[in-house]
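To start, the structure under review is shown below, and the notes come after it.
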């Protein structure tokens, strides 16, 4: 009897400690100690994780079970969900770089872009943005010369939703580690040797910004402010910078630690960072103060990738084939029913109208959103939405009582999607 009670007490005590951890383990992707480079989710809630040289894994139950689903034998370092629900990955081997696509939530994959790159040892670092429903821009790093520092990135563009690609530029500024689409439609690139670069014509040309330090991750918050993180060998502190003017001027954000590995912002504008100090931390006040949320992840493991799923679960990929998830929902999810399967901007109704019309749009994931009205000359005359919103369906009313008869354009811009439609005001 005493032995039985002792077992109950010990079991209950351990369970209580376990439940207090921020992270809990999911099933291990595979044996070995390979990096989990990227994590993402589909519009239907399937979570995908890419493991160094071992392919892409998928789970339909938040990590209780993982199954290999393809792209083995190459390093996949970026996974992204497109507005139409398709999934894209960026990856490479020592001889090629690839853009791959899945149209069935990761069950099968096809290479939609292959480019030969002999002696390519720079498999890592890249980004992808969805400019609108058909235009996609991607950056893939590759080995340019004989030494490890000779790295560049090709800028690829598709105008048919990812079925075909053309090379439009080469950024000879080391690794290109990330891309982001700002609310104004500008594409920013985080590079290792050239800082943050900017393109206003979907990747055809690139210019310097006010940030010229090594950069590895880019994020945009609900106010449209852009954040960039830095990670270089020998860094003794974490470095995050913020721009409130679309990347022209940058200011440091308070952040302690050593060399950032990954950095994300959730739908409530909270900042999450993983670093070389084997820490994961979160800030709810823009970086003024931080709380450590590493509990549950073994002290021997680095977190290489962070991802906030649409259901509000935070996932963390480590250097030991492990994926951990938050024990509870930590970010608000969809507040408008089921998560839509794709981003879209609907035609306004009625159209023509006088003087009120309705604009509907839907978001497949939490995003910064800006909805603007412009006249026939391209002048912005109204801003209807300018904030971060959860995945869901939205309806906005525009009262044009104070505007003249004519043709107007309404444009929806988010980090992963941009589309413009025409409407007619008749009085």
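Some notes on this structure:
- All strands (runs of 3 or more DSSP E) inside the range 53-122 with 1 or more residues being in contact with a strand residue (DSSP E or B) (Cβ under 9 Å, 6 or more places away or on another chain) and closer than 20 Å to residue 133 by Cβ: 75-81, 87-92, 96-102, 110-116
- For the range 15-33, the set of residues classified as modelled with pLDDT under 80 and under 22 Å from the mean Cα position of the chain (by Cα) consists of 29 only.
- Counting the residues of the range 165-194 that are without any contact (Cβ under 8 Å) to a residue 40 or more places away in the chain and surrounded by 23 or more Cβ atoms within 10 Å (Cβ to Cβ) gives 1.
The values are calculated or read from the model by the stated rules, or taken from the named source; none is laboratory data. Please read these numbers as outputs of a predicted model, since none were measured by experiment. Every residue, glycine as well, gets a Cβ built from its backbone with ideal geometry; the counts of neighbours run over all protein chains shown.
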